[in-house]
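Notes to accompany the following structure.
The values are calculated or read from the model by the stated rules, or taken from the named source; none is laboratory data. Everything numeric here is computed off the predicted structure, so don't read it as measured data. Backbone-built Cβ (ideal geometry, glycine too); neighbour counts: all protein chains shown. Remember, those area values only see protein heavy atoms, side chains included, never the ligands or the DNA or RNA. Shrake-Rupley method; radii C 1.70, N 1.55, O 1.52, S 1.80 Å.
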Amino acid sequence: ASPLSPAAVVGAGLGGSASAYFLQQHFGPQVQLDVYEAAGVGGRLATVTVNKQQYESRGASIHALSLHMQDFVKILGLKHRREVAGKSAIFSGEHFVLEETDWYLLNLFRLWWHYGISFLRLQMWVEEVMEKFMRIYKYQAHGYAFSSLEELLRSLGGEAFVNMTQRSVAESLLEVGVTQRFVDDVIAAVLRSSYGQSVLVPAFAGAMSLAGAQGSTWAVEGGNKLVCSGLLKLTKANVISARVTGISLHSSEGRALYQVHYESTEGQGSAFYDLVVVTTPLHPSRSNFTFENFDPPIADLPGAFQPSVTSVVHGYLNSSYFGFPDPKLFPFTSILTTDTPDLFFHAMDNICPVNISAAFRRKQPQEAAVWRVLSQQPLDKPQLKTLFRSYYSVQVTEWQTYPRYDSAKALPPVVLHENLFYLSGVEWVASSMEMVAVAAKNVALLAYNRWHQELEKIDQKDLMHKVKTEL
(Lines give C-alpha, C1' and ligand atoms only; values in the text may rest on other atoms or scores of the structure.)
Protein backbone atom coordinates (compact mmCIF):
# COMPACT_ATOMS: atom_id res chain seq x y z
CA ALA A 1 0.00 0.00 0.00
CA SER A 2 1.15 3.54 -0.65
CA PRO A 3 2.12 5.48 2.48
CA LEU A 4 -0.71 7.26 4.25
CA SER A 5 -0.32 10.98 3.83
CA PRO A 6 -2.49 13.47 5.69
CA ALA A 7 -5.13 12.17 8.10
CA ALA A 8 -7.79 14.20 9.90
CA VAL A 9 -9.44 13.71 13.27
CA VAL A 10 -12.64 15.64 13.97
CA GLY A 11 -12.87 16.60 17.66
CA ALA A 12 -10.19 17.01 20.33
CA GLY A 13 -11.89 15.44 23.30
CA LEU A 14 -10.54 12.19 24.69
CA GLY A 15 -11.75 10.29 21.60
CA GLY A 16 -10.01 12.64 19.20
CA SER A 17 -6.74 12.94 21.09
CA ALA A 18 -6.53 9.17 21.71
CA SER A 19 -7.30 8.51 18.02
CA ALA A 20 -4.53 10.87 16.93
CA TYR A 21 -2.11 9.17 19.32
CA PHE A 22 -2.99 5.62 18.23
CA LEU A 23 -3.02 6.52 14.51
CA GLN A 24 0.50 7.82 14.86
CA GLN A 25 1.54 4.78 16.87
CA HIS A 26 0.41 2.42 14.10
CA PHE A 27 1.06 4.40 10.92
CA GLY A 28 4.32 5.91 12.16
CA PRO A 29 5.52 9.43 12.96
CA GLN A 30 5.63 10.52 9.32
CA VAL A 31 1.82 10.75 9.15
CA GLN A 32 0.66 14.34 9.09
CA LEU A 33 -2.27 14.71 11.50
CA ASP A 34 -4.79 17.55 11.56
CA VAL A 35 -7.16 17.66 14.52
CA TYR A 36 -10.22 19.92 14.20
CA GLU A 37 -11.76 21.30 17.39
CA ALA A 38 -14.39 24.05 17.63
CA ALA A 39 -14.63 24.51 21.39
CA GLY A 40 -11.55 23.55 23.39
CA VAL A 41 -9.18 20.61 23.75
CA GLY A 42 -10.59 18.14 26.28
CA GLY A 43 -14.23 18.16 25.17
CA ARG A 44 -16.34 17.01 28.10
CA LEU A 45 -13.29 16.71 30.35
CA ALA A 46 -13.61 20.34 31.37
CA THR A 47 -12.92 22.24 34.58
CA VAL A 48 -14.59 25.23 36.24
CA THR A 49 -12.87 27.75 38.50
CA VAL A 50 -14.15 28.66 41.95
CA ASN A 51 -12.07 30.99 44.14
CA LYS A 52 -8.97 30.60 41.93
CA GLN A 53 -9.14 26.79 42.25
CA GLN A 54 -10.09 24.46 39.41
CA TYR A 55 -12.67 21.67 39.77
CA GLU A 56 -13.79 18.92 37.37
CA SER A 57 -17.21 19.85 36.01
CA ARG A 58 -18.09 16.29 34.98
CA GLY A 59 -18.08 12.93 36.63
CA ALA A 60 -14.41 12.47 36.90
CA SER A 61 -13.34 9.07 38.07
CA ILE A 62 -11.43 6.46 36.10
CA HIS A 63 -11.69 2.78 37.00
CA ALA A 64 -8.56 1.04 38.26
CA LEU A 65 -8.73 -1.46 35.36
CA SER A 66 -8.69 1.25 32.68
CA LEU A 67 -5.44 0.10 31.08
CA HIS A 68 -5.30 2.59 28.19
CA MET A 69 -5.96 5.53 30.52
CA GLN A 70 -3.28 4.18 32.90
CA ASP A 71 -0.87 4.02 29.96
CA PHE A 72 -1.60 7.57 28.83
CA VAL A 73 -0.88 8.88 32.31
CA LYS A 74 2.42 6.97 32.44
CA ILE A 75 3.55 8.00 28.95
CA LEU A 76 2.70 11.65 29.61
CA GLY A 77 4.36 11.71 33.04
CA LEU A 78 1.11 12.74 34.72
CA LYS A 79 0.20 11.72 38.27
CA HIS A 80 -2.79 10.21 40.02
CA ARG A 81 -4.63 12.75 42.14
CA ARG A 82 -4.35 12.19 45.86
CA GLU A 83 -7.36 10.37 47.30
CA VAL A 84 -9.37 12.31 49.85
CA ALA A 85 -11.57 9.97 51.85
CA GLY A 86 -15.29 10.59 52.14
CA LYS A 87 -18.50 8.69 52.74
CA SER A 88 -21.52 8.25 50.50
CA ALA A 89 -25.16 7.59 51.15
CA ILE A 90 -28.30 6.99 49.11
CA PHE A 91 -31.19 9.40 49.73
CA SER A 92 -34.83 8.70 48.89
CA GLY A 93 -36.12 12.25 49.22
CA GLU A 94 -37.25 11.48 52.77
CA HIS A 95 -34.53 9.44 54.41
CA PHE A 96 -31.23 7.68 53.70
CA VAL A 97 -31.88 4.13 52.48
CA LEU A 98 -28.22 3.17 52.74
CA GLU A 99 -25.35 4.84 54.55
CA GLU A 100 -21.68 4.11 54.27
CA THR A 101 -19.62 3.83 57.43
CA ASP A 102 -15.94 4.41 58.09
CA TRP A 103 -15.22 0.80 58.28
CA TYR A 104 -15.18 -1.24 55.05
CA LEU A 105 -16.19 -4.58 56.56
CA LEU A 106 -19.07 -2.97 58.33
CA ASN A 107 -20.25 -1.58 54.99
CA LEU A 108 -20.27 -5.01 53.47
CA PHE A 109 -22.11 -6.26 56.49
CA ARG A 110 -24.69 -3.51 56.12
CA LEU A 111 -25.26 -4.27 52.46
CA TRP A 112 -25.46 -7.93 53.33
CA TRP A 113 -27.89 -7.32 56.19
CA HIS A 114 -30.15 -5.12 54.07
CA TYR A 115 -30.01 -6.94 50.80
CA GLY A 116 -28.76 -10.45 51.53
CA ILE A 117 -27.29 -12.34 48.67
CA SER A 118 -28.28 -9.70 46.05
CA PHE A 119 -25.10 -7.83 46.80
CA LEU A 120 -22.95 -10.90 46.12
CA ARG A 121 -24.85 -11.76 42.94
CA LEU A 122 -24.37 -8.25 41.64
CA GLN A 123 -20.62 -8.46 42.27
CA MET A 124 -20.32 -11.79 40.54
CA TRP A 125 -22.29 -10.52 37.55
CA VAL A 126 -20.18 -7.36 37.18
CA GLU A 127 -16.95 -9.31 37.64
CA GLU A 128 -17.86 -11.79 34.93
CA VAL A 129 -18.61 -8.99 32.47
CA MET A 130 -15.39 -7.14 33.32
CA GLU A 131 -13.25 -10.27 33.08
CA LYS A 132 -14.46 -10.90 29.53
CA PHE A 133 -14.20 -7.23 28.60
CA MET A 134 -10.53 -7.21 29.67
CA ARG A 135 -9.74 -9.57 26.76
CA ILE A 136 -9.85 -6.54 24.47
CA TYR A 137 -6.39 -5.45 25.65
CA LYS A 138 -4.84 -8.72 24.59
CA TYR A 139 -6.57 -8.64 21.20
CA GLN A 140 -5.45 -5.07 20.61
CA ALA A 141 -1.88 -5.82 21.69
CA HIS A 142 -1.83 -8.45 18.93
CA GLY A 143 -3.12 -5.94 16.36
CA TYR A 144 -6.66 -7.31 15.97
CA ALA A 145 -9.45 -4.88 15.09
CA PHE A 146 -13.22 -4.99 14.58
CA SER A 147 -15.25 -3.35 11.83
CA SER A 148 -18.37 -2.98 13.97
CA LEU A 149 -19.28 -2.62 17.63
CA GLU A 150 -21.24 -5.88 17.41
CA GLU A 151 -18.14 -7.76 16.17
CA LEU A 152 -16.05 -6.27 18.96
CA LEU A 153 -18.59 -7.31 21.60
CA ARG A 154 -19.02 -10.77 20.06
CA SER A 155 -15.30 -11.42 20.21
CA LEU A 156 -15.30 -10.63 23.94
CA GLY A 157 -18.49 -12.24 25.21
CA GLY A 158 -20.34 -13.85 22.30
CA GLU A 159 -24.00 -13.14 21.49
CA ALA A 160 -24.61 -12.60 25.21
CA PHE A 161 -22.59 -9.34 25.07
CA VAL A 162 -24.45 -8.12 21.98
CA ASN A 163 -27.77 -8.88 23.72
CA MET A 164 -26.62 -6.87 26.74
CA THR A 165 -26.81 -3.73 24.59
CA GLN A 166 -30.46 -4.51 23.77
CA ARG A 167 -31.93 -5.39 27.19
CA SER A 168 -32.03 -3.49 30.45
CA VAL A 169 -29.69 -3.83 33.40
CA ALA A 170 -32.74 -4.38 35.64
CA GLU A 171 -33.87 -7.36 33.58
CA SER A 172 -30.37 -8.90 33.56
CA LEU A 173 -29.91 -8.51 37.30
CA LEU A 174 -33.35 -9.80 38.25
CA GLU A 175 -32.55 -12.83 36.10
CA VAL A 176 -29.41 -13.66 38.13
CA GLY A 177 -31.41 -13.39 41.35
CA VAL A 178 -30.83 -9.81 42.48
CA THR A 179 -33.98 -8.57 44.25
CA GLN A 180 -36.22 -5.77 42.98
CA ARG A 181 -35.57 -3.88 46.22
CA PHE A 182 -31.81 -3.90 45.67
CA VAL A 183 -32.34 -2.76 42.08
CA ASP A 184 -34.61 0.11 43.22
CA ASP A 185 -32.46 1.24 46.16
CA VAL A 186 -28.89 0.74 45.03
CA ILE A 187 -28.64 0.07 41.28
CA ALA A 188 -31.00 2.95 40.42
CA ALA A 189 -28.94 5.37 42.53
CA VAL A 190 -25.65 4.40 40.87
CA LEU A 191 -27.08 4.74 37.35
CA ARG A 192 -28.70 8.10 38.15
CA SER A 193 -25.36 9.42 39.37
CA SER A 194 -23.41 8.13 36.35
CA TYR A 195 -25.80 8.32 33.38
CA GLY A 196 -28.66 10.39 34.80
CA GLN A 197 -30.98 7.58 33.70
CA SER A 198 -32.98 4.73 35.20
CA VAL A 199 -32.41 0.99 35.56
CA LEU A 200 -33.74 0.66 32.02
CA VAL A 201 -30.31 1.54 30.56
CA PRO A 202 -28.81 -1.43 28.68
CA ALA A 203 -27.14 -4.13 30.74
CA PHE A 204 -23.69 -3.57 29.25
CA ALA A 205 -23.63 0.18 29.93
CA GLY A 206 -25.00 -0.61 33.38
CA ALA A 207 -22.29 -3.17 34.14
CA MET A 208 -19.55 -0.67 33.22
CA SER A 209 -21.06 1.98 35.45
CA LEU A 210 -21.51 -0.47 38.35
CA ALA A 211 -17.90 -1.64 37.97
CA GLY A 212 -16.83 1.97 38.52
CA ALA A 213 -19.04 2.23 41.59
CA GLN A 214 -17.58 -0.77 43.37
CA GLY A 215 -13.97 -0.78 42.21
CA SER A 216 -11.22 1.59 43.16
CA THR A 217 -11.13 4.67 40.97
CA TRP A 218 -8.67 7.50 40.37
CA ALA A 219 -8.34 10.84 38.61
CA VAL A 220 -5.52 12.87 37.08
CA GLU A 221 -3.69 15.44 39.18
CA GLY A 222 -4.33 18.83 37.53
CA GLY A 223 -7.48 17.61 35.73
CA ASN A 224 -8.37 14.71 33.45
CA LYS A 225 -8.31 17.02 30.42
CA LEU A 226 -4.49 17.08 30.67
CA VAL A 227 -4.57 13.63 29.06
CA CYS A 228 -6.07 15.16 25.90
CA SER A 229 -3.70 18.12 25.60
CA GLY A 230 -0.79 15.82 26.48
CA LEU A 231 -1.56 13.25 23.79
CA LEU A 232 -1.97 15.95 21.14
CA LYS A 233 1.37 17.53 22.10
CA LEU A 234 3.05 14.15 22.07
CA THR A 235 1.81 13.34 18.56
CA LYS A 236 2.72 16.89 17.41
CA ALA A 237 -0.75 17.00 15.87
CA ASN A 238 -1.74 20.19 14.10
CA VAL A 239 -4.77 21.43 16.08
CA ILE A 240 -7.04 23.59 13.90
CA SER A 241 -9.58 25.59 15.83
CA ALA A 242 -12.58 25.29 13.54
CA ARG A 243 -15.96 23.60 13.35
CA VAL A 244 -16.22 20.88 10.72
CA THR A 245 -19.43 21.32 8.70
CA GLY A 246 -19.17 18.36 6.35
CA ILE A 247 -17.14 15.88 4.38
CA SER A 248 -17.32 15.29 0.64
CA LEU A 249 -15.95 12.31 -1.24
CA HIS A 250 -13.57 12.63 -4.20
CA SER A 251 -11.37 10.01 -5.75
CA SER A 252 -7.85 10.18 -7.02
CA GLU A 253 -6.02 7.32 -8.77
CA GLY A 254 -8.80 4.92 -7.81
CA ARG A 255 -8.51 5.82 -4.14
CA ALA A 256 -10.98 7.66 -1.95
CA LEU A 257 -10.00 11.18 -1.02
CA TYR A 258 -12.00 13.08 1.59
CA GLN A 259 -12.51 16.82 1.56
CA VAL A 260 -13.15 18.17 5.05
CA HIS A 261 -15.11 21.46 5.06
CA TYR A 262 -14.81 23.73 8.08
CA GLU A 263 -15.68 27.15 9.48
CA SER A 264 -13.28 29.13 11.62
CA THR A 265 -13.04 32.76 12.73
CA GLU A 266 -11.18 33.38 9.47
CA GLY A 267 -14.15 32.10 7.46
CA GLN A 268 -14.70 28.86 5.57
CA GLY A 269 -12.03 26.47 4.38
CA SER A 270 -11.41 22.90 3.35
CA ALA A 271 -8.60 20.36 3.05
CA PHE A 272 -8.08 16.90 1.52
CA TYR A 273 -7.26 13.72 3.44
CA ASP A 274 -6.61 10.02 2.82
CA LEU A 275 -8.24 9.05 6.08
CA VAL A 276 -10.69 10.71 8.47
CA VAL A 277 -11.86 9.75 11.98
CA VAL A 278 -14.97 11.55 13.24
CA THR A 279 -15.11 11.60 17.05
CA THR A 280 -17.99 14.04 17.53
CA PRO A 281 -21.56 12.67 17.66
CA LEU A 282 -23.17 12.55 14.19
CA HIS A 283 -26.74 12.67 15.46
CA PRO A 284 -28.86 15.42 13.88
CA SER A 285 -29.74 16.66 17.37
CA ARG A 286 -26.05 17.17 18.13
CA SER A 287 -24.40 18.34 14.92
CA ASN A 288 -25.40 19.56 11.48
CA PHE A 289 -22.84 17.61 9.54
CA THR A 290 -23.30 16.96 5.83
CA PHE A 291 -21.85 14.14 3.74
CA GLU A 292 -21.66 14.79 -0.01
CA ASN A 293 -21.03 12.54 -3.05
CA PHE A 294 -21.30 9.33 -1.04
CA ASP A 295 -23.11 6.50 -2.78
CA PRO A 296 -24.99 4.96 -1.06
CA PRO A 297 -25.50 8.12 1.04
CA ILE A 298 -24.38 8.11 4.68
CA ALA A 299 -27.61 8.04 6.67
CA ASP A 300 -28.43 10.14 9.71
CA LEU A 301 -27.90 8.12 12.86
CA PRO A 302 -30.97 7.50 15.01
CA GLY A 303 -31.09 8.19 18.72
CA ALA A 304 -31.42 11.12 21.09
CA PHE A 305 -29.21 12.39 23.90
CA GLN A 306 -29.97 12.85 27.55
CA PRO A 307 -29.74 16.45 28.70
CA SER A 308 -27.73 16.72 31.90
CA VAL A 309 -26.87 19.72 33.99
CA THR A 310 -23.91 20.16 36.32
CA SER A 311 -24.17 22.94 38.90
CA VAL A 312 -20.99 23.72 40.80
CA VAL A 313 -22.17 25.53 43.92
CA HIS A 314 -19.97 27.24 46.48
CA GLY A 315 -22.09 27.43 49.61
CA TYR A 316 -23.37 26.05 52.90
CA LEU A 317 -25.16 22.73 52.68
CA ASN A 318 -28.69 22.72 54.11
CA SER A 319 -28.13 19.56 56.14
CA SER A 320 -31.57 19.70 57.76
CA TYR A 321 -33.15 18.85 54.39
CA PHE A 322 -31.32 15.53 54.74
CA GLY A 323 -32.49 15.05 58.33
CA PHE A 324 -29.45 16.54 60.12
CA PRO A 325 -30.56 19.74 61.91
CA ASP A 326 -27.00 20.19 63.23
CA PRO A 327 -24.71 20.65 60.20
CA LYS A 328 -21.65 19.62 62.24
CA LEU A 329 -23.01 16.08 62.39
CA PHE A 330 -23.59 15.63 58.66
CA PRO A 331 -21.23 12.75 57.74
CA PHE A 332 -21.47 12.41 53.93
CA THR A 333 -19.44 13.88 51.12
CA SER A 334 -21.40 12.21 48.37
CA ILE A 335 -25.17 11.76 48.10
CA LEU A 336 -26.80 9.48 45.54
CA THR A 337 -30.56 9.43 45.06
CA THR A 338 -33.22 6.83 44.32
CA ASP A 339 -35.63 7.16 41.41
CA THR A 340 -38.29 9.15 43.28
CA PRO A 341 -40.62 11.35 41.18
CA ASP A 342 -40.21 14.51 43.28
CA LEU A 343 -36.41 14.33 43.63
CA PHE A 344 -35.08 17.11 41.40
CA PHE A 345 -31.40 16.09 41.45
CA HIS A 346 -29.54 12.87 40.57
CA ALA A 347 -26.52 13.14 42.83
CA MET A 348 -24.36 15.68 44.62
CA ASP A 349 -20.85 15.54 45.97
CA ASN A 350 -18.50 17.73 47.92
CA ILE A 351 -15.69 17.99 45.36
CA CYS A 352 -11.98 18.58 45.78
CA PRO A 353 -9.91 20.76 43.45
CA VAL A 354 -7.95 19.12 40.61
CA ASN A 355 -4.70 20.08 42.34
CA ILE A 356 -4.62 18.62 45.82
CA SER A 357 -1.73 19.68 47.99
CA ALA A 358 -0.40 17.52 50.81
CA ALA A 359 -1.87 19.99 53.31
CA PHE A 360 -5.35 19.85 51.76
CA ARG A 361 -8.24 18.92 54.03
CA ARG A 362 -11.92 18.67 53.24
CA LYS A 363 -14.15 21.41 54.54
CA GLN A 364 -16.15 20.53 57.65
CA PRO A 365 -19.87 20.04 56.87
CA GLN A 366 -20.78 23.34 58.60
CA GLU A 367 -18.29 25.32 56.45
CA ALA A 368 -18.86 26.66 52.95
CA ALA A 369 -17.71 24.04 50.44
CA VAL A 370 -17.80 23.41 46.71
CA TRP A 371 -20.55 20.96 45.78
CA ARG A 372 -21.26 19.51 42.36
CA VAL A 373 -24.96 18.82 41.79
CA LEU A 374 -26.07 16.67 38.85
CA SER A 375 -29.63 17.09 37.58
CA GLN A 376 -31.63 16.80 34.40
CA GLN A 377 -32.98 20.37 34.39
CA PRO A 378 -31.20 23.52 35.61
CA LEU A 379 -31.97 24.06 39.32
CA ASP A 380 -34.28 26.96 40.11
CA LYS A 381 -33.93 29.27 43.12
CA PRO A 382 -36.26 27.27 45.44
CA GLN A 383 -34.38 24.05 44.61
CA LEU A 384 -31.01 25.66 45.34
CA LYS A 385 -32.47 26.99 48.59
CA THR A 386 -33.61 23.45 49.46
CA LEU A 387 -30.08 22.07 49.13
CA PHE A 388 -28.13 25.09 50.44
CA ARG A 389 -28.75 27.44 53.37
CA SER A 390 -26.90 30.11 51.41
CA TYR A 391 -24.37 30.21 48.59
CA TYR A 392 -21.75 32.52 47.10
CA SER A 393 -21.76 31.28 43.51
CA VAL A 394 -23.39 28.81 41.13
CA GLN A 395 -21.81 27.78 37.83
CA VAL A 396 -24.05 25.84 35.51
CA THR A 397 -22.92 23.66 32.61
CA GLU A 398 -25.59 22.12 30.40
CA TRP A 399 -24.56 19.10 28.35
CA GLN A 400 -26.10 16.64 25.97
CA THR A 401 -23.73 14.05 27.31
CA TYR A 402 -25.07 10.57 27.37
CA PRO A 403 -27.09 8.69 24.80
CA ARG A 404 -30.72 8.30 25.79
CA TYR A 405 -30.35 4.58 25.69
CA ASP A 406 -33.99 3.78 24.96
CA SER A 407 -33.96 5.91 21.81
CA ALA A 408 -32.09 3.69 19.32
CA LYS A 409 -32.44 0.03 18.58
CA ALA A 410 -29.19 -0.76 16.75
CA LEU A 411 -25.61 0.23 17.48
CA PRO A 412 -24.08 2.90 15.21
CA PRO A 413 -21.51 1.89 12.54
CA VAL A 414 -17.73 2.22 12.95
CA VAL A 415 -16.96 2.30 9.21
CA LEU A 416 -18.80 5.04 7.30
CA HIS A 417 -16.79 4.58 4.09
CA GLU A 418 -13.48 2.97 2.96
CA ASN A 419 -11.19 5.15 5.09
CA LEU A 420 -13.79 7.19 6.95
CA PHE A 421 -14.43 6.05 10.51
CA TYR A 422 -16.82 6.97 13.31
CA LEU A 423 -15.77 6.76 16.95
CA SER A 424 -18.58 8.16 19.12
CA GLY A 425 -20.93 5.28 18.41
CA VAL A 426 -19.14 3.38 21.16
CA GLU A 427 -21.03 5.43 23.73
CA TRP A 428 -24.14 3.47 22.79
CA VAL A 429 -22.36 0.39 24.17
CA ALA A 430 -21.22 2.19 27.32
CA SER A 431 -20.03 5.70 28.02
CA SER A 432 -16.80 6.03 29.96
CA MET A 433 -13.34 7.41 29.34
CA GLU A 434 -11.89 3.94 28.96
CA MET A 435 -14.58 2.80 26.50
CA VAL A 436 -13.66 5.78 24.32
CA ALA A 437 -9.93 4.94 24.56
CA VAL A 438 -10.62 1.29 23.61
CA ALA A 439 -12.67 2.48 20.62
CA ALA A 440 -9.91 4.90 19.56
CA LYS A 441 -7.34 2.08 19.58
CA ASN A 442 -9.76 -0.12 17.63
CA VAL A 443 -10.34 2.54 14.96
CA ALA A 444 -6.59 3.13 14.56
CA LEU A 445 -5.91 -0.62 14.19
CA LEU A 446 -8.86 -1.02 11.84
CA ALA A 447 -7.68 1.88 9.66
CA TYR A 448 -4.15 0.44 9.60
CA ASN A 449 -5.21 -3.13 8.81
CA ARG A 450 -7.55 -1.98 6.03
CA TRP A 451 -4.95 0.38 4.54
CA HIS A 452 -2.33 -2.39 4.45
CA GLN A 453 -4.84 -5.05 3.40
CA GLU A 454 -4.13 -7.14 6.51
CA LEU A 455 -7.63 -8.55 6.45
CA GLU A 456 -6.80 -11.54 8.65
CA LYS A 457 -6.45 -9.03 11.49
CA ILE A 458 -10.06 -7.80 11.14
CA ASP A 459 -13.18 -9.46 12.63
CA GLN A 460 -11.24 -12.64 13.27
CA LYS A 461 -13.31 -15.47 14.78
CA ASP A 462 -12.22 -17.47 17.83
CA LEU A 463 -9.64 -14.92 18.95
CA MET A 464 -9.29 -16.36 22.44
CA HIS A 465 -7.81 -19.48 20.88
CA LYS A 466 -5.65 -17.60 18.34
CA VAL A 467 -4.15 -15.28 20.91
CA LYS A 468 -3.33 -18.24 23.19
CA THR A 469 -1.43 -20.01 20.43
CA GLU A 470 0.39 -16.83 19.37
CA LEU A 471 1.75 -16.23 22.85
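Of the residues Thr217, Thr235, Thr265, Thr49, the one with the largest accessible area comes first in the ranking Thr265, Thr49, Thr217, Thr235, computed with a 1.4 Å probe on protein heavy atoms.
Per residue, the Cα convex hull of the chain amounts to 157 Å³. For Met348, what accessible area in Å² do you get when you roll a 1.4 Å probe over the heavy atoms of the protein chains, rounding to the nearest 10? Solvent-accessible area, nearest 10 Å²: 0 Å². Computed over protein heavy atoms with a 1.4 angstrom probe, the accessible surface ordering of Glu159, Glu100, largest first, is Glu159, Glu100. With each label modelled as a point 7 angstrom along the Cα→C-beta vector, the Ser357-Asn288 pair spans 4.9 nm.
Between Gln214 and Val415, 0.36 nm times their residue separation minus their Cα-Cα distance comes to what?
Length gained between Gln214 and Val415: 68.9 nm.
Between the Cα long axis of helix 433-451 and the first principal axis of the chain there is an angle of about 10°, rounded to the nearest 10. Residues Tyr21, Tyr273, ordered by accessible area of protein heavy atoms at a 1.4 angstrom probe radius and largest first, appear as Tyr21, Tyr273. Our compactness index for region 137-189, the C-alpha radius of gyration over the empirical 2.2 N^0.38 Å, is 1.52. Dividing the convex hull volume of the alpha-carbon atoms in region 275-329 by its residue count gives 159 Å³ per residue. Here the contact order of the chain, divided by its residue count and restricted to Cα pairs under 8 Å and six or more residues apart, works out to 26 percent.
How big is the charge dipole of region 268-344 about its Cα centre, in debye rounded to the nearest 20, if each Lys and Arg gets +1 on its Cβ and each Asp and Glu gets -1 on its Cβ? The dipole of region 268-344 has a size of about 380 debye.
When the solvent-accessible area of region 192-280 is split by element, carbon and sulfur atoms take up 51 percent of it, the probe being 1.4 Å.
For a quick check: with amide H placed at 1.01 Å from N, whose amide H comes under 5 Å from Ala347's, ignoring anything fewer than 5 positions away on the same chain? Close amide H contacts, sequence-distant or interchain: Leu374.
For region 69-191, calculate the relative contact order in percent as a whole number, restricting contacts to Cα pairs under 8 Å that are 6 or more residues apart. It would help to have the intermediate numbers written out before the result.
Numbers: 62 pairs, mean separation 29.5, N = 123.
The normalised contact order for region 69-191 reaches 24 percent.
Note on Ile351: accessible area approximately 20 square angstrom, rounded to 10, probe 1.4 Å, nucleic acids and ligands left out. The modelled label-to-label distance between Asp380 and Ser320, using points 7 Å beyond Cα along the C-beta direction, is 2.3 nm. Surface exposure of the chain, expressed per residue as accessible area with a 1.4 Å probe, stands at 44 Å². Projecting the Cα atoms of Val278, Ala60, Gly315 onto the charge dipole of the chain (Cβ charges, centred on the Cα centre) puts Gly315 farthest toward the positive pole.
Exposure here means at most 15 other Cβ atoms within 10 Å; with trypsin sites (Lys or Arg not before Pro) in a DSSP loop as sites, the longest stretch of the chain lacking them is 88-166.
Would you mind checking Lys233/Lys461; Lys79/Lys409; Lys132/Lys233; Lys52/Lys233; Lys52/Lys385 for any pair whose Cα atoms are more than 28 angstrom apart? Provide the component values of the computation, followed by the final result.
On the way: Lys233/Lys461 37 Å; Lys79/Lys409 40 Å; Lys132/Lys233 33 Å; Lys52/Lys233 26 Å; Lys52/Lys385 25 Å.
From Lys233/Lys461; Lys79/Lys409; Lys132/Lys233; Lys52/Lys233; Lys52/Lys385, over 28 Å: Lys233/Lys461; Lys79/Lys409; Lys132/Lys233.
Inter-part distance, region 151-167 to region 410-463, computed on C-alpha centroids, equals 15 Å.
Think of the chain as having a plus end and a minus end, set by charges on the Cβ of Lys, Arg, Asp and Glu; of Leu106, Pro403, Val467, Leu106 sits farthest toward the positive end of this dipole.
Tyr391 sits among other residues whose Cβ lies under 11 Å from its own Cβ, and their net charge, with Lys and Arg +1 and Asp and Glu -1, is +3.
So if I place +1 on the C-beta of Lys and Arg and -1 on the C-beta of Asp and Glu, and nothing else carries charge, what would the dipole magnitude of region 145-239 be about its Cα centre? I want it in debye, nearest 20.
Around 460 debye, computed over region 145-239.
Computed over neighbours whose Cβ is under 14 Å from that of Tyr273, the net charge equals -2, Lys and Arg +1, Asp and Glu -1. Ligands, DNA and RNA excluded, the heavy atoms of Thr179 present near 60 Å² of accessible surface to a 1.4 Å solvent probe. FRET efficiency for Ala64 and His452, Cβ-Cβ distance as r, R0 = 45 Å, nearest 0.05? Computed FRET efficiency for Ala64 and His452 comes out at 0.80.
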